[in-house]
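Structure first, then comments.
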Amino acid sequence: MLWIPFTLMAALMQAWRNAFQKKLSNEVAASGVTLARFVLAGPMAALYLSGLHQFQPASGPVFTVPLLGFILGAALMQILATALMVILFKRRNYAIGVGLAKSEAVLAAALGVVFFSASLSLLGWLGVLLGAIAILLLSGINRIRSWSWDSLLLGIGSGLAFALTSLWVRQASLELGLPFPHGAAWVLLLVLLLQTLLLTVWLLITDRSTLLALWQRPGLTLVISLFSCLGSIGWFTAMSLETVALVKTLGQVEIFFSLLISRYLFRESLARADKWGLLLIVVAAICVVWA
């Protein structure tokens, strides 16, 4: 049951990371906000992995072609997912942007069953479906006619990319076959280093002004990287222990944290449907824990 506290920690850290990313997105391009998530998280992940080996020595990873493929796929999909969500922040309010991106739980469940031989009990599926309904309520289903198609596609695209990231992260952890939690920590470090390298080189070639903008905002960049690293430690560790669909459905409690941040930090108004959405998230979380 260790996956439960790791998931709850990840949800809380991710809610704060998204809040600070939204703040940075008002000043820096989406590619720069995406890089802020990774650029200092790599050294933090290296310190975490070093601490694990000091506490409990273990063998290093054996690199195979499937492992490298999973890591590359996860790195690219997480970059894409984050960039799409940052763009979404500029179109909808903070809570709605997060809500649309959280379609990943349902997509991860479907993709996991079809392509990754994952299995879910009836209670697990009930939790996933209730979570999906909750996300619709929290995303303002009563205002769905006012949504633009590009905003919907951005949200679903972000959710799909996040779902693929999570599935490939789990597969990479399983492929490593290292003891808990070393496998998840190695995958985290490798993914973060690759993401930082790819995005930095891309911006050096195409948009150096964005790199300069991050350099001029070291405090905000550091905070985003810190919360990102802590959140990723939670997600990667939880997904090495349990199926992605259950982890991500329980992780929808992030919406609760996001709504509180949206209300009290950004002073954004919340609809009456939010109460029902939060109630359904609680019920969905109970279902997946029991499952």
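Remarks
- Each Cα pair under 8 Å and six or more residues apart adds its sequence gap; the mean of these over the residue count of the chain is a relative contact order of 41 percent.
- Sites excluded, trypsin sites (Lys or Arg not before Pro) in DSSP loops with at most 15 other C-beta within 10 Å, longest stretch of the chain: 92-266
- For the chain, built as a Gaussian network whose Cα springs stay under 10 Å, the top-fluctuating residue of LEU35, LEU197, LEU129: LEU197
- Among ALA118, ALA45, ALA134, residue whose mean-square fluctuation peaks in a GNM of the chain (springs only between Cα atoms under 10 Å): ALA118
- With 0.36 nm allotted per residue and the present C-alpha distance subtracted, the LEU222-LEU72 stretch has 51.5 nm of extension available.
- Taking only protein heavy atoms and a 1.4 Å probe, the accessible area of the chain is 72% carbon and sulfur.
- Solvent-accessible area of GLU27 with every protein chain in place, 1.4 Å probe, in Å² to the nearest 10: 100 Å²
- Tensor-based shape of the chain (alpha-carbon gyration tensor, a/c under 1.5 rounded, otherwise prolate or oblate): oblate
- With a Förster radius of 51 Å applied to the beta-carbon distance between ARG208 and VAL289, the computed FRET efficiency rounds to 0.60.
The values are calculated or read from the model by the stated rules, or taken from the named source; none is laboratory data. For clarity, every value in this text was computed on a predicted model and none was experimentally measured. Quick reminder, even Gly has a Cβ in these numbers, built from the backbone with ideal geometry, and neighbours come from all protein chains shown. In case anyone asks, the SASA skips ligands and DNA or RNA and just uses the protein heavy atoms, side chains included. Shrake-Rupley method; radii C 1.70, N 1.55, O 1.52, S 1.80 Å.
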